[in-house]
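What follows is a set of notes on a single structure, which appears directly below.
The values are calculated or read from the model by the stated rules, or taken from the named source; none is laboratory data. What you see is a predicted model, and the numbers here were worked out from it, not measured in a lab. Cβ placement follows ideal geometry from the backbone for every residue including glycine, while neighbour counts extend to all protein chains displayed.
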Amino acid sequence: MDNEETVQEEIIDSVEDAAVDEKAYQAEIEALKKELAAAQIRTELLLAGVLREKLDEGAAIAEGLYAAGKTPIEAAIETAENYPHLKAVKQEIPQFAAGGSGALDGFAAIRRIFAGR
């Protein structure tokens, strides 16, 4: 009977160790899922045009949406759409044309000013 009891104790210990290991693995899997979601959110925010300086702010907002049940990509897209201050401002660059010739030239007035000097 001693041998039988020892075997039963070993089996019980093995099962308990397996349960503890499973809990640790589940916790590790959850941590990796959160890390993957954060990376997906940041990537999608960058693809949506969010400035790198504003990436942390946008990621915090999107992670809140992700926690509320949206997928990481949906959360990032919604954040980029609803918070335009996170995106780069497209600046208009003035365009000058020097088309034409003589008096019709765009720079004719400038040339006349300096022609007399």
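Table: residues versus (1) of a type in the set (D, E, K, R); (2) over 18 Å from residue 88 (Cα atoms); (3) exposed (fewer than 15 other Cβ atoms within 10 Å of the Cβ).
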site: 15; (1), (2), (3): no, yes, yes
site: 20; (1), (2), (3): no, yes, yes
site: 25; (1), (2), (3): no, yes, yes
site: 34; (1), (2), (3): yes, yes, yes
site: 40; (1), (2), (3): no, yes, no
site: 43; (1), (2), (3): no, no, yes
site: 48; (1), (2), (3): no, no, no
site: 52; (1), (2), (3): yes, no, yes
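Which of the residues that make up the range 45-84 are hydroxyl-bearing (Ser, Thr, Tyr) and part of a helix (DSSP H, G or I)? Can you show your working first?
Start the filter on the range 45-84 by keeping residues that are hydroxyl-bearing (Ser, Thr, Tyr), which leaves 66, 71, 79, 83.
Selection gives 66, 79.
In the range 58-94, the residue that is farthest from the chain's Cα centre (by Cα) out of those that are surrounded by 14 or more Cβ atoms within 10 Å (Cβ to Cβ) and β-branched (Val, Ile, Thr) is 71. Hey, does the range 92-109 have a residue that's within 30 Å of residue 44 (Cα to Cα), among the aliphatic types (A, V, I, L, M) and at pLDDT below 90? Scanning the range 92-109, I find at least one residue that is within 30 Å of residue 44 (Cα to Cα), among the aliphatic types (A, V, I, L, M) and at pLDDT below 90, so the answer is yes. The set of residues in the range 7-34 that are closer than 20 Å to residue 66 by Cβ and not hydrophobic (A, V, I, L, M, F, W, C) comprises 26, 28, 30, 33, 34.
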